[in-house]
Amino acid sequence: MRSKTRLGHPSLVTRHWFSMAEKTLVILISGRGSNMEALLDARLPARVAAVISNNPQAKGLATAQQRGIATAVVDHHAFPDRAAFDAALAAEIDRHRPDLVALAGFMRVLTEPFIERYRGRLMNIHPSLLPAFPGLDTHRRALAAGARVHGCTVHFVTPAVDSGPIILQASVPVPPGDTEERLAARVLVEEHRIYPLAVRWFVEGKLKLEDGRVVIDEACRQPDAVIPLRGRP
Ligand code: GRF
């Protein structure tokens, strides 16, 4: 039944329409795609318009297709340099006009023009507590350094690799005798928890990058909103 309020106050209807406008997400992957799956499983209030990979063999492509998500491959081998690859990747992304581009195990270094193009709407998950251990082999390096605590970071992407304003982090203990495999698995559980949460805040309009700093709604900072992240084994 149509409510009188909706018929009688079109301005309210309009405001409601805008605030509820569905956000569009593009996810970039290079391999397994478990973080991509975590984003898909999270039932975010957003439409995942496409999953794009630089690697035609990426396992995550099949997973996305099985879930009815459009996929595309922009194979970096087909381009003479990073600039040409990034331009082709941007063209593929822009077809979908995304509000957010989520790097989910995307293993290419991106050029500055690409990163600037998506400033404030390009997010990454990195398997360490940044700024410790940027780059590759983070779990092995954390063990070699004798780190007692390790973890993962969601951040907005800026031109320096694995740098950029930090949105969320989750930590795991590193017990004596830990192995790279066990540590990676423990961190991955946390990745799958914090990445969907950060993306949810973004698409719900509770998180933004402003003057190079992360701004998160006060409500997301309440202890109740954070404790469940860290409290589970
Ligand atoms: C994750 O640990 C991610 O943080 C890192 O690469 C791994 C990719 O895993 N950048 P998946 O493809 O999301 O399963």
TODO: Output the number of residues of region 87-145 satisfying the condition of being assigned to a loop (DSSP other than H, G, I, E, B), among the hydrophobic types (A, V, I, L, M, F, W, C) and open to solvent by less than 30 Å² (accessible area, probe 1.4 Å).
DONE: 4
Task: When residues of region 177-214 are limited to those that are of a type in the set (V, I, T) and not in a loop (DSSP other than H, G, I, E, B), the one surrounded by the fewest Cβ atoms within 10 Å (Cβ to Cβ) - done: V189
Task: First in region 92-108 and farther than 20 Å from T63 by Cα, second anywhere and assigned to a loop (DSSP other than H, G, I, E, B) and open to solvent by 50 Å² or more (accessible area, probe 1.4 Å), Cβ under 8 Å, 6 or more apart - done: P98/R121; D99/R121; L100/R121
Open item on the list: Taking the condition of being more than 12 Å from the ligand (Cβ to nearest atom), surrounded by 18 or more Cβ atoms within 10 Å (Cβ to Cβ) and part of a loop (DSSP other than H, G, I, E, B), how many residues in region 159-171 meet it?
Closed with: 1
- [ ] Considering each residue of region 31-50, count those that are under 20 Å from L188 (Cα atoms) and either hydroxyl-bearing (S, T, Y) or assigned to a strand (DSSP E or B) (or both), and give that number.
- [x] 1
Open item on the list: Is it the case, given these coordinates, that N55 is out of contact with any strand residue (DSSP E or B) (no Cβ under 7 Å at 6 or more places or on another chain) and either within 12 Å of the ligand (Cβ to nearest atom) or part of a strand (DSSP E or B) (or both)?
Closed with: yes
TODO: May I ask you to verify whether I216 is over 13 Å from the mean Cα position of the chain (by Cα), within 22 Å of A102 (Cβ to Cβ) and at pLDDT 85 or above?
DONE: yes
- [ ] Go through (1) exposed (fewer than 13 other Cβ atoms within 10 Å of the Cβ); (2) at pLDDT 95 or above one by one and return the number of the condition V174 breaks.
- [x] (1)
Task: V149 vs. criteria open to solvent by 70 Å² or more (accessible area, probe 1.4 Å) and in contact with a strand residue (DSSP E or B) (Cβ under 6 Å, 6 or more places away or on another chain) - done: yes
Task: Which listed residue is away from the ligand (no atom under 16 Å from the Cβ), farther than 19 Å from G164 by Cα and among the polar types (S, T, N, Q), from T63, T24 - done: T24
- [ ] Considering only region 83-108, state which residues are more than 12 Å from the ligand (Cβ to nearest atom) and closer than 29 Å to E180 by Cα.
- [x] none
Task: Residues (over 14 Å from the mean Cα position of the chain (by Cα) and near the ligand (Cβ under 9 Å from one of its atoms)) located in region 29-52 - done: G31, R32
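The values are calculated or read from the model by the stated rules, or taken from the named source; none is laboratory data. Computed from a predicted structure; not experimentally measured. Virtual Cβ from ideal backbone geometry, glycine too; neighbours counted across all protein chains shown. Protein only, heavy atoms only, side chains kept; ligands, DNA and RNA dropped before computing areas. Shrake-Rupley method; radii C 1.70, N 1.55, O 1.52, S 1.80 Å.
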